[in-house]
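A short reminder: the numbers here are calculations on the coordinates, not readings from a lab. As the structure is a computational prediction, the values presented were derived from the model and not from experiment. All Cβ positions, glycine included, derive from the backbone under ideal geometry; neighbour counts span all protein chains shown.
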Amino acid sequence: MPPTLGAALTLGLSAFRREAWLVAPGLAVALLRRALAWPALVVGWILVARGAALALSRRPLDPGAALEGAFATATSTRFLALVGGLWLAGLLCGALLRVVWLAGALPTLGAAASGAGRTPRFAAGVAYGTPRVLGTAALGLVLDLGASLFAAALALASLHVTLHAAGGGGSAPLAAAVAAALTLAIGVPLALSVVADAAVARAALRAEGPGAAFAAAARRFLARPGTFVLGAMIFGGVAGIAPATVEAFGGVATGFARGAPALVLLGPNLMLAVAGAAVAAAVDLAWLGTLAALVCAEER
């Protein structure tokens, strides 16, 4: 049996405390993944501005020429292909960077959670574990997409049934069926996403292939499904709230300088953004340590 959530959380936090240096590379990975979206944004804005300027130069007396030129540029096939390609390339590179990071961070946290000696594991995990973790993550992506399509189909069917029932054809069994369908539309993608994360952790920690990792992760999940789902929900909520809280407190602390020039506020704003990303990286590491305990440790 996997450990309880409390025991896994204790092991995960202990591993994070022992390997707190992982926050630095985790922060670097988070910032690089954000930066990978900049080329698409920069190129998109430049092309839109160029289209607006070109239309304005041709019709200088038309007040709506710039807006029409920007809209025509933004809706053109070449613009969508170029900017969409840059965005997709950035997304794929960011996903690959995340996989490389997991291949090194998970074995390090797993060893720390088990109480093993502090032997170097990060570089070895990146060098030798990335192919396995990448294959498992790709299979998990397919699973997530399938779960999303399943949820969308159930939601649309529930909407269709609800609209039909609003005309007078409703009943208690029909309402129960719609409620069950909506519950499945929420619960199934969440459960499969947790299984995919657990399989990635197994691939990084136990050097298992994608098939074996998913089979083992599914067995662990079915042994304690509530523990896995509750852990994912808690850390997902904390990951969404903690960085925003840091930036909010920072905004209150720097509120006295709101009238200052933008160049003066650039430094504090960058520091707040980095602090929020660092907190997000710390929460991510705590979750990875807890997940490592859930997928590999045994209940005592």
Practice item. May I ask for the angle, rounded to the nearest 10°, between helix 77-114 and the longest principal axis of the chain, with both axes built from Cα atoms and the value confined to 0 to 90°? Key: 20
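Please compute the alpha carbon radius of gyration of the chain, then divide it by the globular-protein estimate 2.2 N^0.38 Å. Two decimals is fine. Can you show the working numbers first?
Working: Rg = 24.1 Å, N = 300, 2.2 N^0.38 = 19.2 Å.
For the chain, the normalised Cα radius of gyration is 1.25.
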Review point. Hey, what did the chain get for relative contact order, percent, Cα under 8 Å, at least 6 apart?
Key: 32
Review point. Using Cα atoms only, what is the angle between the long axis of helix 262-296 and the major principal axis of the chain, expressed in degrees (0 to 90) to the nearest 10?
Key: 30
Practice item. Extending each Cα 7 Å along its Cβ direction at SER76 and LEU174, get the distance between those two points in nm, one decimal. Key: 5.2
Exercise for review: Give the angle, between 0 and 90 degrees and rounded to the nearest 10, that separates the Cα long axis of helix 210-223 from the longest principal axis of the Cα atoms of the chain.
Suggested key: 70
Exercise for review: Set Lys and Arg Cβ to +1 and Asp and Glu Cβ to -1, take the dipole of the chain about its Cα centre, and tell me which of THR245, LEU41, THR108 lies farthest positive.
Suggested key: THR108
Point to revise | Burial ordering of THR183, THR162, THR77, THR108, fewest other beta-carbon atoms within 10 Å first | key: THR77, THR183, THR162, THR108
Check your understanding: From the backbone phi of segment 33-44, what are the Karplus-calculated ³J(HN,Hα) couplings (6.51 cos²θ - 1.76 cosθ + 1.60, θ = phi - 60°) in whole Hz, Gly and Pro given as x?
Key -> 5, 5, 5, 5, 8, 5, x, 5, 5, 5, 5, x
Revision key, fill the gap. One can check that the equivalent ellipsoid of segment 1-148, built from the alpha-carbon gyration tensor with semi-axes equal to the square roots of five times its eigenvalues, has lengths in Å, largest first, of 47, 16, 14
